[in-house]
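Have a look at the structure below before the remarks.
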Amino acid sequence: MVTKAFSVSFADITNSVSFRFASKPPTASPRPCVFSLTCSAVFLLGSIWNAKSFGASGTQVGEVVFNTSLTGYQEILTDPSYAGQFLLMTNPHIGNTGVNFDDEESRQCFLAGLVIRSLSISTSNWRCVKALGDYLAERNIMGIYDVDTRAITRRLRQDGSLIGVLSTDNSKTEQELLQMAQSWDIVGVDLISGVSCMTPHEWVDKTEDEWEFRPNKGPAGEPFHVVAYDFGIKHNILRRLASYGCKITVVPSTWPASETLKIKPDGVIFSNGPGDPSAVPYAVETVKNIIGKVPVFGICMGHQLLGRALGGKTFKMKFGHHGGNHPVRNLRTGHVEISAQNHNYAVDPTTLPNEVEVTHINLNDGSCAGLAFPSQRVMSLQYHPEASPGPHDSDYAFREFVQLMMRDRKKANKSLKLVAVQALDA
Ligand SMILES: NC(=O)CC[C@H](N)C(=O)O
């Protein structure tokens, strides 16, 4: 039984708040940690939160975002779209199920660090192989706990995304930390190249039978060959595609469109990925060169790149959407889906050509959550139909993508037959 003695000191001087907690540490002795937030060079007043450190030590700068998911912290930690960001979980209790072998969404953790209210003092789960703190330390990811995540979330909601610094280095002054935050930026930076795979490879794993949630036979006949552009792709996108009967070749973010078209895939996926879509014009160019040639499906970053490739603009949202409970309306069916989301940028639908249809909207703020350009066999979602973690409401999007490819194949077979008949006639 652990008793938690805490004292709170609250000092509010020109927008700066400081909390101090003393509690029995859940792991080894806690190291002091300064977590400072500053909103930009324009807003020069920062806030300093003292917390306890777990995972790796050091000094790290990044953008702070909050995620409202109640479950799935390991899948969130391994989502490459968090590269360059501190992930603050609003769920106050994290670490209680440890980490396991199955919930990895990529080959490593790319995020800048983890910010939580309370780190579980023990782990208990039949799949657990390691405690969260040890897992993060091995991956050189900093974490802090015993910090008022609610106060920081309110600050982020009020001021928008902020740059923060985590430091366990006592020799650094608060002024130095604030200076670090003020001289760092995430906008306009290509973060995709740091998370993408280096060489093309095949992907075969499906969702395992014990986790499969729909009777899933996949289409009859030759499997559809999908090329998946890895802008930081989550493994569950690949597993869901495989479960829908696709044969998948994963290619790096810089893989030329001409090479992709050379292997005549049935379809192309543009994946999720970190950072600013306007900072990766080479990827937009690739998307442009593939649109109209084969059916394409863009997810999150992939959706934003499609938006730009179709002539639209993207913009940075105030604090984005990160969580497993975002309501989205499918404007074609009228159905509401509860979706998993993780993005700071969005497509401005008013900048798109008239032929492009907005298929989904986020019901929290009316932002564009899905697009289609039927004549070009283009579909895209701003959120995550693969969930992991999150609800499965939007899984049907993979079926729709397979149907797009199916229609293409039927058309091609028809025209093949026509050519064959003409050849017979000749
Ligand atoms: N999940 C993602 O693909 C994130 C998309 C993009 N990097 C954003 O933050 O908006």
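The values are calculated or read from the model by the stated rules, or taken from the named source; none is laboratory data. Keep in mind that this is a model prediction, so the values were computed, not measured. All Cβ positions, even for glycine, are placed from backbone atoms using ideal geometry, and neighbour counts span all protein chains on display. Just so you know, the surface numbers come from the protein's heavy atoms only, side chains and all, with ligands and any DNA or RNA stripped out. Shrake-Rupley method; radii C 1.70, N 1.55, O 1.52, S 1.80 Å.
Report summary: the helix-based calculation at 222 nm, which adds -39500 (n - 2.57) for every DSSP H run with n ≥ 4 and divides by the residues of the chain, gives -7000 deg cm²/dmol. Just how much of ASP159 is accessible, in Å², when a 1.4 Å probe is used and the result is rounded to the nearest 10? Surface accessible to solvent at ASP159 totals approximately 60 Å². Rounded to the nearest 20 debye, the dipole magnitude of the chain is 540 debye, with +1 charges on Lys and Arg beta carbons, -1 on Asp and Glu beta carbons, and the Cα centre as origin. Solvent-accessible surface of the stretch 31-182, averaged per residue with a 1.4 angstrom probe and all protein chains in place: 38 square angstrom. Looking at the chain, the DSSP beta bridges with both ends there are about 60 percent antiparallel. Along the axis of the charge dipole computed for the chain (Cβ charges of +1 for Lys and Arg, -1 for Asp and Glu, origin at the Cα centre), the listed residues SER167, TYR383, ASN67 are led at the positive end by TYR383.
Within the stretch 314-426, all pairs of alpha-carbon atoms sorted by distance into 10 Å bins from zero give the percentages 13, 37, 27, 11, 8, 4, 0. Its residue count N sets the reference 2.2 N^0.38 Å, and the alpha-carbon radius of gyration of the stretch 99-231 equals 1.45 times that reference. Indicate, rounded to the nearest 5 percent, the antiparallel portion of the DSSP beta bridges found entirely in the stretch 192-412. Taking every DSSP beta bridge with both residues in the stretch 192-412, the antiparallel ones total about 60 percent.
Multiplying the residue separation of LYS172 and LYS288 by 0.36 nm and removing their Cα-Cα distance gives an extension gain of 37.1 nm.
The GluC sites (Glu not before Pro) found in the stretch 69-121 include none that occupy coil by DSSP while having at most 11 further C-beta atoms within 10 Å.
Take the Cβ atoms of PHE101 and GLN403, set R0 to 35 Å, and the FRET efficiency comes out at 0.55.
Apolar share of the accessible surface for the chain: 55 percent from carbon plus sulfur atoms, 1.4 Å probe. Averaged over its residues, the stretch 192-412 has an accessible area of 39 Å² per residue, based on protein heavy atoms and a 1.4 Å probe.
Taking the stretch 192-412 as the region of interest, the number of lysine pairs whose Cα atoms are within less than 13 Å, with members eight or more places apart or on different chains, is 5. Of the trypsin sites (Lys or Arg not before Pro) found in the stretch 286-388, those that fall in a DSSP loop while having at most 16 other beta-carbon atoms within 10 Å are LYS293, ARG332. Restricting the GluC sites (Glu not before Pro) of the stretch 308-409 to loop positions (DSSP other than H, G, I, E, B) with no more than 10 neighbouring Cβ atoms within 10 Å leaves nothing. Dimensions of the stretch 192-412 based on its C-alpha atoms, expressed as ranges along the principal axes with the largest first, amount to 44, 38, 36 Å. The protection proxy used here, the mean number of other Cβ atoms lying within 10 Å of each residue, ranks peptides 148-158, 274-284, 404-414 as follows, highest first: 274-284, 148-158, 404-414. For VAL336 and ASN140, a Förster radius of 51 Å and the Cβ-Cβ distance give a FRET efficiency of 0.80, rounded to the nearest 0.05. Volume of the convex hull of the stretch 31-182 (Cα atoms only), normalised per residue: 94 Å³. Rg/Rh for the chain (Cα atoms only, Rh after Kirkwood) is 1.02.
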